[in-house]
1. Could you work out what % of the accessible surface of region 96-147 is carbon and sulfur, using a 1.4 angstrom probe and leaving DNA, RNA and ligands out of the count?
2. I need the phi-derived Karplus couplings for region 164-170: 6.51 cos²θ - 1.76 cosθ + 1.60, θ = phi - 60°, integer Hz, Gly and Pro marked x.
3. Find the accessible area per residue for region 30-89; the probe is 1.4 Å, ligands and nucleic acids are left out, and the unit is Å².
4. Once phi is turned into ³J(HN,Hα) by the Karplus curve 6.51 cos²θ - 1.76 cosθ + 1.60 with θ = phi - 60°, what whole-Hz value does each residue of region 94-101 show in order, with x for glycine and proline?
5. Given 0.36 nm per residue, what is the gain on full extension from residue 48 to residue 138 after removing their alpha carbon distance, in nm?
6. Among rounded, prolate and oblate, which fits region 90-188 when a ≥ b ≥ c are the square roots of the eigenvalues of its C-alpha gyration tensor, a/c under 1.5 means rounded, and a/b larger than b/c means prolate?
7. In a shell of Cβ-Cβ distance under 12 Å around residue 139, excluding residue 139 itself, what net charge do Lys and Arg (+1) and Asp and Glu (-1) give?
8. Calculate the FRET efficiency for residue 187 and residue 27 from the Cβ-Cβ distance with a Förster distance of 51 Å, rounded to the nearest 0.05.
Amino acid sequence: MPLEFLKRGGGGKRTGPAPEAPPEEITAQDYAVRLNYHGKSSEGVRMKAGPNARRELPGMLLGLTQNEIEVVEPLPVEFSEAAPYITHPSEAMQWINAHHGNSPIARHAISVLETVGALDLAFDTFVVTLLDGETDTSGYPEYNAIVGGVASHWDEATGDMIVRAVAGWGGKGVRGDTDRTATRILSGLLTNILASQYAIGLTPLDRPVPAAGRGGLVCAHCGFASVHERAFYCPKCGMRLLRG
């Protein structure tokens, strides 16, 4: 009996196209975004304690900007986890809720300076403006525009106010002269701070570190709920916190 059924089928010629050999090199489309954030901070200047010293902060920017000056208060306890990091949704949502009422210039400045570690609104009061450069059509500073102003906090040991000049810039691009311009502006801001009638002199910058936890005391004077549970002075009004 012939064993025809053991023969392989399809013995005829292949009618379809032959498979192509994989190429030795492939052509790939490259995608990249390079973000460069920069910040500068001066030495601290010790100021005499009291509400009048704090009222002088916006005036320290006069002569260095033609733009609106905005005061950003320390964050209350409900925003203690706020951070400008989109990869952490809960922190990012707190940050958006905390700053949605600020101007585009202030939001950009806070984002840049918090990202590089030059600002912490757990205890800093931030007086901010556009110091150099232009904004886009939506009001946000261009990558080489310099934003900043002065940041202040209350010395936990003495109750004095410590004020420093801060400046930041960044985004999609770099320019070599921006750093030099920022240094010049920072020098002008520090000169204005030292010219205040409440200025005592330069002091080593020892910024307080917020303690772990969900917050500290509520200020009996202004009602601010401090996010720094070991604070002795209210980050917002500077009055001593009352402890039981």
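The values are calculated or read from the model by the stated rules, or taken from the named source; none is laboratory data. As the structure is a prediction and not an experimental result, all values here were calculated from the model. Note that we place each Cβ from the backbone using ideal geometry, even for glycine, and neighbour counts take in every protein chain shown. Areas reflect the complete protein model, heavy atoms only, side chains present, ligands, DNA and RNA absent. Shrake-Rupley method; radii C 1.70, N 1.55, O 1.52, S 1.80 Å.
1. 46
2. Result, ordered by residue: 9, 8, 9, 8, x, 7, x Hz.
3. Each residue of region 30-89 exposes 65 Å² on average to a 1.4 Å probe.
4. Listing the rounded values in order: 4, 5, 5, 5, 6, 10, 5, x Hz.
5. Between residue 48 and residue 138, full extension yields 28.4 nm more.
6. oblate
7. -3
8. About 0.50, to the nearest 0.05.
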